[in-house]
Amino acid sequence: MATIQFRDIRKSFGDTDVLKGVGLDIADGEFLSLVGPSGCGKSTLLRILAGLESQTSGSVTIGGTPVDGLHAADRDLAMVFQSYALYPHLSVAENIAVPLTMRRLSSAQRLPLVGRVLPGSRTTRAAIGTTVREAAEMLDIAHLLDRKPGQLSGGQRQRVALGRALVRDPSAFLLDEPLSNLDAKMRVHMRAEIAQLNRRLGATFVYVTHDQAEAMTMSDRIAVMMEGELLQVGTPDALYDHPQDLRVAQFIGSPAINILPVDTDASGTIHLCDMATGLRANGPAIEHLGVRPEAFVPCEEGELVVGRVRLIENLGSDLFVHLDAAGVPMPVTVRLPSSARGHVKVRDVMRLTAAPERICGFDSAGKAAPVGAQNKVHDNVHDKVARHV
Ligand SMILES: Nc1ncnc2c1ncn2[C@@H]1O[C@H](COP(=O)(O)OP(=O)(O)OP(=O)(O)O)[C@@H](O)[C@H]1O
């Protein structure tokens, strides 16, 4: 069992508080990604779990057992880094075998020539060879076992690093930006493979990345960190559809969510640029509305946003239309289906609405707050949405 629990983890370097009380439970077999911008503390949290760094306060348990006093080597975890950390003078097979030779052969048995003739050495080496081959086959690098790391591509080197983690058969895999050194195509390929590996092995994976797309495509759940705090933990869908914090809304999703600055009057009516939006705050006053690019629908009247097209990006499958909209400091991005090609031109004026349930509201503290349709306008907006879909 490799459930992992962080309890109120704090870490300071000098007088800089890098982790400010992180609590997180990771289930056995789960693929959990820690995401956040550079410097938010995600690697530090992973290193504390690995035993490579000690926390200032708080505790970590693995499989229900506190590991705070345990050395890294005694935690039964395997770590894979961005820099593959391979030995250049050893072959791929020898690199993958390193954890096993260290664990299963005595220091005398590990000697280059004499070691091979010592009692037990031959059998143990054969068993290690079988394990290495199995791991290499799983990672599709069995044909490279005799090569040196210098003769491999970046993607192949990362597989060797994964193979070395795999043969340890750890209770959990910790991966720190393992794909950062790969080109874009190889990253997409490897992220699918790593996710499959997690499903096949059934082991717990804790994966650190600053790339939200990587986290969205691979994870069972994502923990979003910023400035040493955990802002939200949830499934990719929950974070995308129901961000609990404005910063989470902005971090997750590409192109980014549209953020519209709004005012809420005493009756709860929400205004954008002094125009009633047809929406009301069903709780605290709303200061920002978040609308995903694909949630906008063109309309003829009763719009939430009106803007002039400044740029059209044609991706073949979709169009991303960027508009300068009144009262919105950043360009508004709308995603339209490919059937809209040729129907929208630069400098056109577009009116956009969105179904109220697809609009996120945020209060003055940037926390999610409920938004609903105002009764009469609600019906209008729905009629219009129905007419334009
Ligand atoms: N040994 C150290 N001494 C002093 N400060 C450190 C040390 N290690 C990390 N920090 C600081 O702690 C903060 C968090 O670092 P950490 O590496 O955990 O961030 P991160 O979210 O993983 O960022 P990145 O994606 O850039 O690796 C950073 O501001 C960093 O400068």
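The values are calculated or read from the model by the stated rules, or taken from the named source; none is laboratory data. Keep in mind the model is a prediction, meaning the values are calculated, not measured. Heads up, the Cβs are rebuilt from the backbone with ideal geometry, glycines too, and the neighbour counts pull from every protein chain shown. Areas reflect the complete protein model, heavy atoms only, side chains present, ligands, DNA and RNA absent. Shrake-Rupley method; radii C 1.70, N 1.55, O 1.52, S 1.80 Å.
The calculated pair-distance distribution of segment 257-386 uses every alpha carbon pair, bins of 5 angstrom beginning at 0, and gives 2, 12, 21, 24, 19, 12, 7, 3, 0, 0 percent.
Solvent-accessible surface of the chain, averaged per residue with a 1.4 angstrom probe and all protein chains in place: 47 square angstrom. GNM remark for the chain: springs join alpha carbons under 10 Å apart, and the peak mean-square fluctuation among ASN282, ASN181, ASN375 falls on ASN375.
Taking every DSSP beta bridge that has both ends in the chain, the antiparallel portion is near 75%. Between ALA192 and THR130, the distance separating the two model label sites (each 7 Å from Cα on the Cα→Cβ line) works out to 3.3 nm.
Counting lysine pairs in the chain whose alpha carbons fall under 29 angstrom apart, excluding pairs fewer than 8 residues apart on the same chain, gives 11.
Suppose R0 equals 51 Å; then what is the FRET efficiency for SER59 and CYS273 from their Cβ-Cβ distance, rounded to the nearest 0.05? Let's see the in-between values first.
Values: r = 50 Å, r/R0 = 0.99.
The computed FRET efficiency comes out at 0.50.
Farthest toward the positive end of the dipole of the chain, out of THR56, MET275, ALA72, is the Cα of ALA72, where the dipole comes from beta carbon charges about the Cα centre. Rolling a 1.4 Å probe over the protein heavy atoms leaves ARG308 with an accessible area of roughly 100 Å².
Find how much the distance from ARG310 to MET330 grows on full extension, using 0.36 nm per residue of separation minus their present alpha carbon separation; answer in nm with one decimal.
On the way: separation 20, 0.36 × 20 = 7.20 nm, distance 1.18 nm.
Roughly 6.0 nm would be gained on extension.
Taken about its Cα centre, the chain carries a charge dipole of about 1680 debye when Lys and Arg each add +1 at the Cβ and Asp and Glu each add -1 at the Cβ.
I need the helices of the chain that pass two filters: whole DSSP H segments spanning 30 Å or more by Cα along the axis, and mean Kyte-Doolittle score no lower than 0.0.
Details: long enough: none.
What comes out of the filter, once short or polar helices are dropped, is none.
Modelled spin labels at ASP211 and HIS242, positioned 7 Å past Cα toward Cβ, are 2.9 nm from each other.
Stretched out straight at 0.36 nm per residue, the stretch from GLU94 to SER338 would grow longer than its current Cα-Cα span by 82.7 nm. The length gained by stretching the chain between SER12 and ALA72 to full extension, at 0.36 nm per residue less their Cα-Cα distance, is 19.6 nm. Rg/Rh, computed from the Cα trace of the chain with Rh as the Kirkwood radius, has the value 1.09.
Only protein atoms count toward the accessible area here, which uses a 1.4 Å probe; on the chain, the carbon and sulfur part of that area reaches 51 percent.
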